[in-house]
Amino acid sequence: NNQRYQYSTLSSNFASEQAKMTSRWHEKKAKKAEEQALRDEEEARNAIDFEGTLNKDISEMAMGGGDEELFEKKLSKEEKKALAKAKREAKKKAKGKSKKGNDAEDEKRKVDLASALENAKLANAENTGIDTGIDSAASDKLAQEGTICTFATSRKGVDPRSRDINVTNFTLQHMGSVMLDETEIVLNHGNRYGLIGRNGCGKSTFLKALGARAVPIPSGIDIFHLKEEIEASDTVTAIEAVMSVDEERMKLEKQAEDLNHLLGEITENPEGDEDGEEKTVEEQQEEIMDALNMVYERLDGLDADTAEVRARTILKGLGFTHEMQGKLTKDFSGGWRMRVSLARALLLQPVCLLLDEPTNHLDMEAVIWLEDYLSKWNKILLLVSHSQDFLNNVCTHMIHFTNRKKLVSYDGNYDQFCKTKGEKEENQMKQYKWEQDQIKSMKEYIARFGHGTSKNAKQAQSKEKVLEKMVRAGLTEKPDEEKPLNFKFRDPGHLPPPVLAFHDVKFGYPNCEPLYANLSFGVDLDSRVALVGPNGAGKTTLVKLMAGELQPTLGDIRPHGHLKLGRFTQHFVDVLDLSLTPLEFFEREYPNDPREEQRKYLGRFGVSGKMQVQKMDELSDGQKSRVVFAKLGRDVPHILLLDEPTNHLDMESIDALAKAVNEFEGGLVLVSHDMRLISQVAQEIWICDHKTVAPYKGDIQNFKMDMRAQMGIDGEMKGKLRGDASVIKKEEGKKEEGAKPKKKAENPSVETKKVTTSSTTEKPPVAASAPAPAPAPKKAGGYVPPHLRAKAGGGASTSAAPRGSYVPPHLRK
């Protein structure tokens, strides 16, 4: 019984203790739940307040505000200086330390110091604010003209001290048409870029957008875009127009003078800012010296001491004699005023120079000088040119404006670009074919064994996974195969010589010196002649005499009775009605031709698709010139008279034109500064100078080397053409047929009077047989051609000058 009692007592005690523990646990749990509820309620209330505040802040930030409420604003240097100045003034007033008579001078000195430093920093792109690098006003004006640029931007803006241009996700639209889509612009300091692409792809529009600073460009990079000729003025001479562009030099010199004056004042009177809390005298002096160094570095880069000498040197290189440099700009033609604009750009020496077809208005001497000058450009150069030789000798990098609306960069000049691009496309095509073969094989296997319970079903499923993985990783795109152009001039039929003969022709414009005297030569259907010489010598005038547009002062020009000439001029746009489409223009000119035939004929010259039904005033200059060539071919001329036909054509069009001319059964007279085209089509070179026309003993490569030597431009390979395969094949063909010209050189009737070249089979002998023609000039009344003048004077060594050297007119004295 005692045991039962003890057990019951223990059980009751345990039950009571357990009940007490349970109640305490419940109380504790209830207390925690209450505390958690209070915390949740407070957090919910705070979350509601924070969400409202956050939404308000986000709304204000979206409208351009809110930064001051979220974060404490970081003061710029200028704001810190202003705040320190205000503190100093307040401190002076509180302590009563204002000095009589010196307050006005101290205040003026401080204001001058702040303004001068600010101007120096702005001029050298050292401002600390966010720099977007975009000229908003110019961008808006560009947008009104139909050109819109979009790109990725950074919240920090662009670094104003950067010397490179980097833009990502760049898209360019013009008149609603996308020209570039999500591409990158990378222009590094010290590189010279050549921009190439098909006619009408948007190269000039792209340069215009860069020149207007419609993309993020660091403010420390100044840009000069050569886009128009200098304005004609009756008060400004050529040299003055070039010197006036150097406004930056005068502005920097004024800033340097102001900074030096302030530095002297601080050195003489250092007490003015000793009580300041922000800047000591030493710190101010150091800041002024930093600004001075930046100004002087820029002045050194501009060569301010030699500005006028450099301006005259540049003008001389571009063909201006000393007398021409003093002429008013209104007395120059548009081409010469464009040279003045080019001289302004070269004198200014901007960090980024943009040139769009800079050789269009230059003669061969000026092209060679500009080529040498730009090859030493040590900043950023981006140029559009369709002269392969010019690109080879100037550019260090090439940018290809592809048909996929991307910009693809390549290292090296144009020849290296062609080689690299060819290898890249070849490897890409191999990879593309391999992937397509693999895909075809796997799809066939999956289609055959992908269903059922056979052993191969698992392999088919595995191949299906591999195929999906290949697609996810991205397949190789098929390389672009650009549709080749097929220029063609139809056979005009045979005309017996003489087809076009000049007999003792003399010509001069009214009240001017005669351009030509005693011209006697002939052009037949097998002639392939290139006219070279300085600007103003009369190359275009000679073409006009051949075309019958001008009549000789004396003498006789006798064309064949059935002769039909086809002429391409530098002002080819005058032939077109720009209010019509190419198709409408052809329908008006040739109403009897079927519409489908007209479409095919235009397409042969690269005018295809919607370009045929687009107004010609909306086409690029290269596309307009194709329309003119299509008309020229449709007219079926006997002799082509081409005056600077490559000015606006792209590389593919120039190659197509050269091929068409070589296959043409008629004659050719070519005026061009494009040595690549001359090397491809010309069999004779005639020099227009000294009131006469004389054949040159050699090819265009030797002519260029002679000019470089006379102009004092050194370099082992600079004077040699680095043409494409067509030039190399032509040179090999000349080597193989080298024996034939030597036999023809024995014909004593090769030269009569000034030029009596009636056919290409009687072309001037090559330099190897030069001793034979020595007595020929005596038959022409004592006239000595330029290529024989050195030998006639005696003392010229054949090793130093294997052929007669051509001397440009501005170097003859």
* **Hey, Trp434 part of a helix (DSSP H, G or I) and either in contact with a Gly (Cβ under 8 Å, 6 or more places away or on another chain) or on the phi > 0 side of the Ramachandran plot (or both) or not** => no
* Structure fact -> Picking from Ser409, Ser441, the residue that is assigned to a helix (DSSP H, G or I) and among the hydroxyl-bearing types (Ser, Thr, Tyr) would be Ser441
* Among residues belonging to segment 175-184 that are closer than 21 Å to Asp140 by Cα and within 18 Å of the chain's Cα centre (by Cα), point out the one that is most open to solvent (accessible area, probe 1.4 Å). => Met179
* Asked: What residue, of Asn518, Asn511, Asn486, is at positive phi, open to solvent by 50 Å² or more (accessible area, probe 1.4 Å), of a type in the set (S, T, N, Q) and in contact with a Gly (Cβ under 9 Å, 6 or more places away or on another chain)?
  -> Asn518
* **Conditions (1) more than 28 Å from Ile700 (Cα to Cα); (2) free of Cβ contacts under 8 Å to residues at least 12 places away in the same chain; (3) β-branched (Val, Ile, Thr): number failed by Thr420** => (1)
* Structure fact -> If we ask which residues in segment 425-459 are without any contact (Cβ under 8 Å) to a residue 40 or more places away in the chain, within 27 Å of Val408 (Cβ to Cβ) and surrounded by 12 or more Cβ atoms within 10 Å (Cβ to Cβ), their number turns out to be 5
* To do: Find all pairs meeting these conditions: Cβ atoms under 6 angstrom apart; at least six residues apart or on different chains; first residue within segment 524-537 and closer than 20 Å to Thr692 by Cβ; second residue part of a loop (DSSP other than H, G, I, E, B) and among the β-branched types (Val, Ile, Thr).
  => none
* Asked: Where residues in segment 604-632 are in a loop (DSSP other than H, G, I, E, B) and among the aliphatic types (A, V, I, L, M), which of them is surrounded by the most Cβ atoms within 10 Å (Cβ to Cβ)?
  -> Val607
* Asked: Which condition breaks for Ser462 when tested against (1) open to solvent by less than 70 Å² (accessible area, probe 1.4 Å); (2) modelled with pLDDT of 85 or more; (3) part of a loop (DSSP other than H, G, I, E, B)?
  -> (3)
* Taking Leu563, is it surrounded by 15 or more Cβ atoms within 10 Å (Cβ to Cβ), over 20 Å from Ala694 (Cβ atoms) and out of contact with any strand residue (DSSP E or B) (no Cβ under 9 Å at 6 or more places or on another chain)? -> no
* Asked: If only one of Lys203, Lys208, Lys156, Lys141 is open to solvent by 30 Å² or more (accessible area, probe 1.4 Å) and either within 17 Å of the chain's Cα centre (by Cα) or β-branched (Val, Ile, Thr) (or both), which one is it?
  -> Lys208
* To do: All but one of (1) within 30 Å of Ile380 (Cβ to Cβ); (2) outside any helix (DSSP H, G or I); (3) open to solvent by 40 Å² or more (accessible area, probe 1.4 Å) hold for Gln416, so report the exception by its number.
  => (2)
* Asked: From the residues in segment 218-248 that are charged (D, E, K, R) and assigned to a helix (DSSP H, G or I), which one is farthest from Met294 (Cα to Cα)?
  -> Glu240
* Which one of these does Gly493 not meet: (1) open to solvent by less than 80 Å² (accessible area, probe 1.4 Å); (2) at negative phi? -> (2)
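The values are calculated or read from the model by the stated rules, or taken from the named source; none is laboratory data. What you see is a predicted model, and the numbers here were worked out from it, not measured in a lab. All Cβ positions, glycine included, derive from the backbone under ideal geometry; neighbour counts span all protein chains shown. Areas reflect the complete protein model, heavy atoms only, side chains present, ligands, DNA and RNA absent. Shrake-Rupley method; radii C 1.70, N 1.55, O 1.52, S 1.80 Å.
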